[in-house]
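S.K.: A single structure is presented below for examination.
The values are calculated or read from the model by the stated rules, or taken from the named source; none is laboratory data. All values reported here derive from a predicted model rather than from experimental measurement. Glycine also receives a Cβ, built like all others from the backbone with ideal geometry; neighbour counts cover every protein chain displayed. Areas reflect the complete protein model, heavy atoms only, side chains present, ligands, DNA and RNA absent. Shrake-Rupley method; radii C 1.70, N 1.55, O 1.52, S 1.80 Å.
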Amino acid sequence: MAIVVTVPRDSSLQFRLVVGTNPETGAPIINSKTFAKIKSTAIEQDAYDVATALVGLQKYPLDEIRLEKESQLTE
């Protein structure tokens, strides 16, 4: 059995923004905005701090912040 090596790759930071409300159901309408090329060495707290600073520049209210990490699996 081969030994699998995980190689971290750049991640992305995603904002989920509430852009409106569905008039029929009252459910929020969510759009996302993604910032790519977040370095794999970035600390989660630092990514969060930058995200909260950027949220203040957005037109719509925030629903959620996501940090999507990617990895490459090799032998």
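S.K.: Just to confirm the number: angle between the C-alpha axis of helix 44-55 and the first principal axis of the chain, 0 to 90 degrees, nearest 10?
M.R.: Its long axis makes an angle of about 30 degrees.
S.K.: For residue 60 and residue 24, what does the FRET efficiency come to when R0 = 35 Å and r is the distance between their Cβ atoms, rounded to the nearest 0.05?
M.R.: Details: r = 20 Å, r/R0 = 0.58.
My answer for the efficiency is 0.95.
S.K.: Then there is this: Per residue, how much accessible area does the chain have with a 1.4 Å probe, in Å²? Before the final figure, lay out the partial values.
M.R.: Values: 5750 Å² over 75 residues.
On a per-residue basis, 77 Å².
S.K.: A further question on this structure: Please pull out the direction-averaged projected area of the chain, using the convex hull of its alpha-carbon atoms, in nm² to one decimal place.
M.R.: Values: hull surface 28.6 nm².
Mean shadow area of the hull around the Cα atoms is 7.1 nm².
S.K.: Where in the chain lies the longest segment free of trypsin sites (Lys or Arg not before Pro) that are both loop residues by DSSP (not H, G, I, E, B) and have at most 12 other Cβ atoms within 10 Å?
M.R.: Details: sites that count: 39, 59.
Here the longest run is 1-38.
S.K.: To continue, here is another question. Tell me, in nm to one decimal, what length is gained between residue 69 and residue 45 on full extension, where the rule is 0.36 nm per residue of separation less the Cα-Cα distance? Spell out each step's value before the answer.
M.R.: On the way: separation 24, 0.36 × 24 = 8.64 nm, distance 1.41 nm.
Gain in length upon complete extension: 7.2 nm.
S.K.: Let me check I've understood the local charge: for residue 36, count other residues with C-beta under 14 angstrom from its C-beta, Lys and Arg +1, Asp and Glu -1. What total comes out? Please report the intermediate quantities before stating the final value.
M.R.: Numbers: positive: 9, 33, 37, 39, 66, 69; negative: 10, 68, 70.
Every neighbour counted, the sum reads +3.
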